[in-house]
1. Other chains' Cβ within 10 Å of A:106-113 residues: what's the mean?
2. Can you pull out the trypsin sites (Lys or Arg not before Pro) in segment A:9-63 that DSSP calls coil and that have at most 15 other Cβ atoms within 10 Å?
3. Report the residue, chosen from A:Met122, A:Met134, A:Met107, that carries the largest GNM mean-square fluctuation when chain A is represented by alpha-carbon nodes joined by springs under 10 Å.
4. Ignore the peptide's own chain and count Cβ atoms of other chains within 10 Å of each Cβ in B:128-135; give me the average, rounded.
5. Please identify, among A:Ser34, A:Ser100, A:Ser61, the residue showing maximal mean-square fluctuation in a Gaussian network model of chain A using a 10 angstrom Cα cutoff.
6. Rounded, prolate or oblate: which fits chain A when a ≥ b ≥ c are the square roots of the eigenvalues of the alpha-carbon gyration tensor, with rounded for a/c under 1.5 and prolate only if a/b beats b/c?
7. Filter the GluC sites (Glu not before Pro) in segment A:1-42 to those in DSSP coil with at most 14 other Cβ atoms within 10 Å of their Cβ, and list the result.
8. Going by Cα centres, segment A:71-102 and segment B:30-60 are how many Å apart?
2 protein chains.
Amino acid sequence: MSVSSRTAVAVHALTFLAQWEADDLQPSTDIAESLESNPVLVRRVLGLLRDKGLVSAVEGSGGGWQLAKPAEQITLRDAYAAVEKGAPVLPAHAHPPSQSCVIGRHMQSLLEVEFAAAQRAMEDRLAETSVAHMLRRIRDRERGEPVSR
Amino acid sequence: MSVSSRTAVAVHALTFLAQWEADDLQPSTDIAESLESNPVLVRRVLGLLRDKGLVSAVEGSGGGWQLAKPAEQITLRDAYAAVEKGAPVLPAHAHPPSQSCVIGRHMQSLLEVEFAAAQRAMEDRLAETSVAHMLRRIRDRERGEPVSR
DNA sequence: GAAACTGTAACTAGTATGGTGGCGGCTGTG
DNA sequence: CACAGCCGCCACCATACTAGTTACAGTTTC
């Protein structure tokens, strides 16, 4: 069932960082607190986001994390892609099927095409929402739901 | 990473059954052979498909499986939905986040909305392809790729 | 009754997950 | 310089789900 909750952690962390001005560094412990989770877990996810150029870290005392580009330019797909390593959501056969069966001979490649298309549809939908978007909606809700889109 | 390969098994089995006329029962061993897998595993998946009215089984000697409705009316989404129990592809947080943080207070429900929309997009794409469609393409390929759509 | 099926339960081994502790290295402050 | 605060990373744990297998009870045909 399901992929992992890393994408949720990633989006949470990104939105958390989007609250603050750039150069206003936030330590992983603060983010972990908001997630009610562990700093190490947060750093694992943030490390992946950094590898994709979404956030940057500053070491040492007073260090922490910040967005590496404007929140408008970071979509949920970026977060998903950074964090959910390659593996497709819908995996084809565990073992390749029998090559001596008409179905088996073609099913795998056909399934890969269909599943890839389905995954692309999912990612395209994720790409429609940016981190800035998430933050805006949170702020709307916080001051009483005038609803933005 | 990923869900399970049950959907792949389900689509394979459905397409396999679509090869034959209705009332031409196929035993799970034959399907398992095409998958190069185990009859029990196949029956587990077929059992789920039967629960959703996609296939039907006849017990006893000479028994087996058949499609319960025309292959045109069975889509990959039907197979997916029957086999991949409820759990969303993109899970939200493992632990609910901190309620004392502005982000934490709203992130979960916002994520659920976004993730549900993304999953729906994926399922809608799966719904565009029927089992009949899969079989047709396999037969096209088998006789030399005149390509059908 | 034997043979050919479905239907289930119980078990294994492998793998990914969230979570935790420990430790080294970097950096700003006093 | 020492220290505190922070990142980066490794090793480890318990849990859960996976594919695959064995075993066996029930049902039907011959």
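1. 5
2. A:Lys52
3. Evaluated over chain A, the most mobile residue of the options is A:Met107.
4. Taking the mean over all residues of the peptide, I get 3.
5. It is A:Ser100.
6. prolate
7. A:Glu21
8. Between the Cα centre of segment A:71-102 and that of segment B:30-60, the gap is 26 Å.
Just so you know, all these numbers are worked out from the coordinates, no wet-lab data involved. Not measured: the values here are computed from a predicted model. Note: ideal-geometry Cβ built from the backbone for every residue, glycine included; neighbour counts use all protein chains shown.
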